[in-house]
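Shown next, in structure tokens, is the structure this report addresses.
Bear in mind these aren't lab numbers, they're just calculated from the coordinates by the rules spelled out. The shown structure was predicted, so the numbers you read here are calculated from the model rather than taken from an experiment. Positions of Cβ are backbone-derived with ideal geometry, glycine not excepted, and every protein chain shown enters the neighbour counts.
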Amino acid sequence: MTTTAPAVPLAAPFAAYRGLQDAVLDGRIDGVRRRMGSRLVILGHHYQQDGVIAHADIQGDSYQLSRSAAERADCEAIAFCGVHFMAETADILVNRPDRVAARGGRRVAVVLPDMAAGCSMADMAAIEQVEDAWTDLGTVIDTSDITPVTYINSAASLKAFCGRHGGIVCTSSNARAVLEWAFARTKRVLFFPDQHLGRNTARAMSIPLDEMSLWNPYVPTLGGNSRGQLEKSRVILWQGHCSVHAMFKPEHVDAIRAAIPGVKILVHPECTMEVVDKADLTGSTSYILKQVADAPSGTQWAIGTELHLVKRLEQNHPEQTIRFLSPVVCMCATMYRIDLAHLCWSLEHLERGKPVNVIRVDDETAAWAVTSLERMLAVK
Ligand code: 13P
Ligand code: SF4
């Protein structure tokens with residue numbers, strides 16, 4: 001039975017949660033979930049640690065979690081066990097003006113259990129830098145013939161920039177379809193912040209490397225490019241990357257292939273082109289999970305993406321042999337900041353109507369960002 005009565009004393013500062021045992025935190029989180037019922041939705045990204053993901057109502061990749069938020073009409077609150085840009089995206093989509101109006105003006109509170117859960121890649125492109133790059137590009141090429149495409153791993157302000165300039169958002173699971181959408185409209189694409197997803201996707205579409213340029217936002221003159229290079233570029237890649245996926249190296253692929261004949265190498269497209277070129281398969285986190293689940297038992301895998309996902313795959317698929325591609329630990333330290341203590345703290349505050357760590361994108365930014373997000377959601 002659903003009841004609103006809190007099971008624990010009045011909400012306390014976070015410090016009071018630090019040091020509580022996992023079993024205690026699990027019980028308290030379960031209590032909030034039971035009492036709030038369908039009023040609360042917990043979304044969890046595949047990279048979350050096991051203890052946290054066990055409490056998620058929906059687990060998914062960035063695309064699936066955005067879609068879940070976009071479709072959520074009924075709940076009062078979303079606790080996002082992911083990173084900051086994911087919670088921002090959920091806020092933008094769940095609180096579209098038409099949805100808020102349909103709820104009689106009530107917003108869904110979107111909370112990020114730990115505000116320090118950011119994404120270092122998203123931080124590599126600031127809106128001022130992108131605006132400057134756009135202006136500079138306009139001195140060489142006609143910007144009306146460029147579609148700006150932002151990877152979802154970016155601040156809401158960049159999504160709004162894309163909304164304002166006829167652009168679009170992509171995730172790692174739809175990057176190719178989004179680039180096809182863009183090239184049906186314009187000759188060129190400015191892709192930020194992840195150079196690797198952009199390059200790997202463009203190469204898979206047979207765009208040659210000499211028709212791509214790399215824009216370094218810290219080089220004052222044309223991002224470090226010549227006019228000629230930009231003029232012949234179809235894809236202008238922002239010089240950003242994921243520090244987790246950058247740790248997978250081509251020599252790791254060589255070493256695993258030499259050690260395990262017949263091993264299948266499966267990597268995320270945030271890995272460098274040199275790694276992707278040597279891999280057998282490349283795709284989003286959901287794609288990676290599906291390949292392993294669908295493979296005949298006894299398949300040998302080496303996987304290049306975040307450690308928690310790979311460890312969980314190993315546990316969930318004892319019929320397969322699964323190895324981590326790198327000899328060193330590659331984990332998303334910011335995602336890992338979401339732990340049981342922060343989840344419990346944020347949920348107990350939510351239940352009391354005193355939410356902490358609410359992610360609220362301002363209306364002007366949200367209005368333009370939703371334009372580029374909806375373009376993405378409409379791409380098949
Ligand atoms: P997915 O789009 O596969 O969920 O990846 C998100 C991400 O941040 C990978 O680093
Ligand atoms: Fe960002 Fe990389 Fe972490 Fe993904 S794995 S959230 S891109 S830092």
Next item on the list: Calculate, in nm to one decimal, what Ala378 and Thr139 gain on full extension: separation in residues at 0.36 nm each, minus their alpha carbon distance.
Entry: 82.8 nm
Checklist line | Span from the segment 162-189 Cα centroid across to the segment 344-380 one, whole angstrom | finding: 23
Check: So for the pair Ser38, Ala259, with labels modelled 7 Å out along Cα→Cβ, what separation do we get in nm?
Finding: 4.9
Checklist line | Cα-Cα separations in segment 193-344 greater than 27 Å, expressed as whole percent | finding: 33
Checklist line | Column: log10 I(q)/I(0), Debye, Cα scatterers of segment 218-277, q = 0.13, 0.14, 0.26 Å⁻¹ | finding: -0.53, -0.58, -1.07
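Given +1 on the Cβ of Lys and Arg, -1 on the Cβ of Asp and Glu, and no further charges, what dipole in debye does segment 246-329 carry about its Cα centre, rounded to the nearest 20?
It works out to roughly 160 debye.
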Note to self: What would the Debye equation give as log₁₀ I(q)/I(0) for the chain at q = 0.06, 0.07, 0.13 Å⁻¹, counting only Cα atoms as equal point scatterers?
What the structure shows: -0.24, -0.33, -1.07
Next item on the list: State the percent of C-alpha pairs, over all pairs in segment 297-380, separated by a distance greater than 17 angstrom.
Entry: 70
Check: Dividing the convex hull volume of the Cα atoms of segment 56-190 by its residue count, what figure in Å³ per residue is obtained?
Finding: 118
Item checked: Estimated 222 nm signal from helices in the chain, with DSSP H stretches of n ≥ 4 weighted -39500 (n - 2.57), rounded to 500 -> -11500 deg cm²/dmol
Notebook entry, point to check: Over all distinct alpha-carbon pairs, what is the Kirkwood Rh of segment 334-380 in angstrom?
Noted result: 13.3
Next item on the list: Take each uninterrupted DSSP H stretch in the chain, measure its Cα extent along the helix axis, and return the ones at 18 Å or beyond whose mean Kyte-Doolittle hydropathy is at least -1.0.
Entry: 22-36, 363-378
Margin query: Suppose R0 equals 35 Å. What FRET efficiency, 1/(1 + (r/R0)^6) with r the Cβ-Cβ distance, do Asp210 and Asp123 give to the nearest 0.05?
Written below: 0.75
Check: Tell me which aspartates and glutamates have Cα within less than 20 Å of Lys249's Cα, excluding those fewer than 8 residues away on the same chain?
Finding: Asp194, Glu270, Glu274, Asp277, Asp280, Glu306
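Checking the a/c ratio against 1.5 first, then a/b against b/c, what shape does the Cα gyration tensor give for segment 258-303? Mind dumping the intermediate values first?
Numbers: a/c = 3.02, a/b = 1.16, b/c = 2.61.
The shape class here is oblate.
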Margin query: Need the full-extension length gain, Leu281 to Thr221, defined as separation in residues times 0.36 nm minus the C-alpha distance. One decimal, nm.
Written below: 17.9 nm
Checklist line | Computed E for Asp30/Glu180 - FRET, C-beta separation, R0 51 angstrom, nearest 0.05 | finding: 0.70
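If you average 1/r over all unlike Cα pairs in segment 66-117 and invert the result, what Kirkwood radius do you get in angstrom?
Hydrodynamic radius (Kirkwood, Cα pairs) of segment 66-117 is 11.0 Å.
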Notebook entry, point to check: Relative to a virtual label point 7 Å from the Cα of Ala101 in the Cα→beta-carbon direction, which members of segment 365-380 show backbone nitrogen distances below 13 Å?
Noted result: none
Item checked: Beta bridge orientation in the chain: antiparallel %, DSSP, nearest 5 -> 5
